[in-house]
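This report concerns only the one structure given below.
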Amino acid sequence: MSSPALSDSPFLTACRRERPAHVPVWFMRQAGRSLPEYRAVREGVPMLEACARPDLIVEITMQPVRRYGVDAAVFFSDIVVPLKAIGVDLDIVPGTGPVVANPIRSAAGVSQLRDLSPDDVTYVSEAVSALTGELGATPLIGFAGAPFTLASYLIEGGPSRDHRRTKALMYAEPKLWHDLLGTLARIAGAFLRVQIEAGASAVQLFDSWAGALSPSDYRAYVQPHSAAVLGEVADLGVPRIHFGVGTGELLGAMGEAGAEVVGVDWRVPLDEATQRIGPRRAVQGNLDPTLLFAPTDVMTDAAARVLDAGAAAPGHVFNLGHGVLPETDPDALSRLVDFVHAYDPAETRA
């Protein structure tokens, strides 16, 4: 049960489609390579090792909260952590991303995937519990990778520009496809549940590669499995955010998958996104991350347009349209947080 102060936080208030005192702001990848303190603590420590050490998880998660005063922390982890935890032979290669030693392209490969148990990720529960104590009235967001994105890594063996092998399997072997995504949905749902039961106040489902799909293919091959992940934690009563990149044509279908909040990348204005998603969902987003490299007045003018467009939604959580880029100046993010917190749309319309 959340404390009253936590429940009344601007972030959770906006997720409930209510109007907080100010528009809440956090950033995807707010903890990471853009921060010198992150680079210092990660020096010599491989990514997957850092994701399995509660002391590092807590420190890295807290760094942007201390520096920026954002309205939510996001749990430091990676979408492939639950796959590693159940025994998939993979690594996160610097400059490349997740690389899978033995790609899964057959029923035999799918059969080797097992469900995730809380005992597989005790370090996650330990870190979340420690974080909630340290964060106080600041909510913690847990997260997981969506089945399509996880499947793409497993099938391709790593990142892919065209997802050729993934789509080929999806079209040619639909039963195998649905078996694989059904398994991944259970794994992702269990990973979210572990985080919520340990104290996370909200969760986000990342479908990084779903924008590669047409609306009809998304509905037929992907949406039911994303809905299953979100359904796995529906009984726990925390806001669920659903985000994908390049998903402007999919926003309506993503909203129907069950999340209370739909994340929008920078390609679709939030007032238009709200029309596509419908009035029963809050929105999150959606400043282009590259605007943080522009002069401050250019960045804040663009942020004001995002805030004005977001006012059309029943609830708005300010964020970037994707993650913070590694070369971003942390001071630019500080200026952006201050601007969002101080912004008054009514004042600009007066």
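The values are calculated or read from the model by the stated rules, or taken from the named source; none is laboratory data. Predicted model only: the values in this text are computed from it and were never measured. Note: ideal-geometry Cβ built from the backbone for every residue, glycine included; neighbour counts use all protein chains shown.
Candidates in the range 339-350 are the residues that are without any contact (Cβ under 8 Å) to a residue 60 or more places away in the chain and either surrounded by 13 or more Cβ atoms within 10 Å (Cβ to Cβ) or not polar (S, T, N, Q) (or both); of these, the one that is farthest from Leu270 (Cα to Cα) is Ala350. Inspect all residues belonging to the range 34-53 and state whether any of them is touching a Cys at 6+ places or on another chain (Cβ under 8 Å) and not in a strand (DSSP E or B). Scanning the range 34-53 turns up no residue that is touching a Cys at 6+ places or on another chain (Cβ under 8 Å) and not in a strand (DSSP E or B). Summed over the range 9-33, the residues that are touching a Ser or Thr at 6+ places or on another chain (Cβ under 8 Å) and closer than 16 Å to Glu59 by Cβ give a count of 1.
Restricting the range 167-223 to residues that are free of Cβ contacts under 8 Å to residues at least 40 places away in the same chain and of a type in the set (Ser, Thr, Tyr) leaves a set whose member that is nearest to Thr61 (Cα to Cα) is Tyr218. Check whether at least one residue in the range 131-148 is under 30 Å from Arg66 (Cβ atoms) and polar (S, T, N, Q), and report yes or no. Yes, the range 131-148 contains at least one residue that is under 30 Å from Arg66 (Cβ atoms) and polar (S, T, N, Q). Looking only at residues that are over 17 Å from His242 (Cα atoms) and touching a His at 6+ places or on another chain (Cβ under 7 Å) in the range 12-38, which one is surrounded by the most Cβ atoms within 10 Å (Cβ to Cβ)? The selected residue is Val23. Step by step: first the residues of the range 312-331, then only those that are touching a helix residue (DSSP H, G or I) at 6+ places or on another chain (Cβ under 7 Å) and outside any loop (DSSP other than H, G, I, E, B), then the one that is nearest to Ser34 (Cα to Cα). Which residue is that? Looking at residues that are touching a helix residue (DSSP H, G or I) at 6+ places or on another chain (Cβ under 7 Å) and outside any loop (DSSP other than H, G, I, E, B), I get Pro330. With respect to the conditions (1) without any contact (Cβ under 8 Å) to a residue 24 or more places away in the chain; (2) not in a helix (DSSP H, G or I), Arg17 falls short on a single one, namely (1). Residues in the range 100-123 that are among the basic types (Lys, Arg) and buried (at least 18 other Cβ atoms within 10 Å of the Cβ): Arg105 only. You will find that of Gly69, Gly44, Gly97, the residue that is surrounded by fewer than 18 Cβ atoms within 10 Å (Cβ to Cβ), free of Cβ contacts under 8 Å to residues at least 12 places away in the same chain and on the phi > 0 side of the Ramachandran plot is Gly44 and no other. Take the conditions (1) under 17 Å from Leu83 (Cα atoms); (2) polar (S, T, N, Q); (3) surrounded by 24 or more Cβ atoms within 10 Å (Cβ to Cβ); Thr247 misses just one of them, which is (1).
Would you point out which residue out of Val58, Val81, Val74 is in contact with a strand residue (DSSP E or B) (Cβ under 6 Å, 6 or more places away or on another chain), surrounded by 19 or more Cβ atoms within 10 Å (Cβ to Cβ) and either of a type in the set (A, V, I, L, M, F, W, C) or farther than 26 Å from Gly321 by Cβ (or both)?
Val74
Out of all the residues in the range 306-325, is one or more out of contact with any Lys or Arg (no Cβ under 7 Å at 6 or more places or on another chain) and either at pLDDT below 95 or on the phi > 0 side of the Ramachandran plot (or both)? So far as the range 306-325 goes, no, none of its residues is out of contact with any Lys or Arg (no Cβ under 7 Å at 6 or more places or on another chain) and either at pLDDT below 95 or on the phi > 0 side of the Ramachandran plot (or both). Among all positions in the range 147-157, there is no residue which is surrounded by fewer than 24 Cβ atoms within 10 Å (Cβ to Cβ), of a type in the set (D, E, K, R) and touching a residue at least 60 places away in the same chain (Cβ under 8 Å).
Just one of the numbered conditions (1) under 26 Å from Ala85 (Cα atoms); (2) surrounded by fewer than 24 Cβ atoms within 10 Å (Cβ to Cβ) is not true of Gly258: (1).
Looking at Asp308, Asp329, Asp301, just one residue is acidic (Asp, Glu) and either free of Cβ contacts under 8 Å to residues at least 12 places away in the same chain or closer than 27 Å to Ser216 by Cα (or both), and that residue is Asp301.
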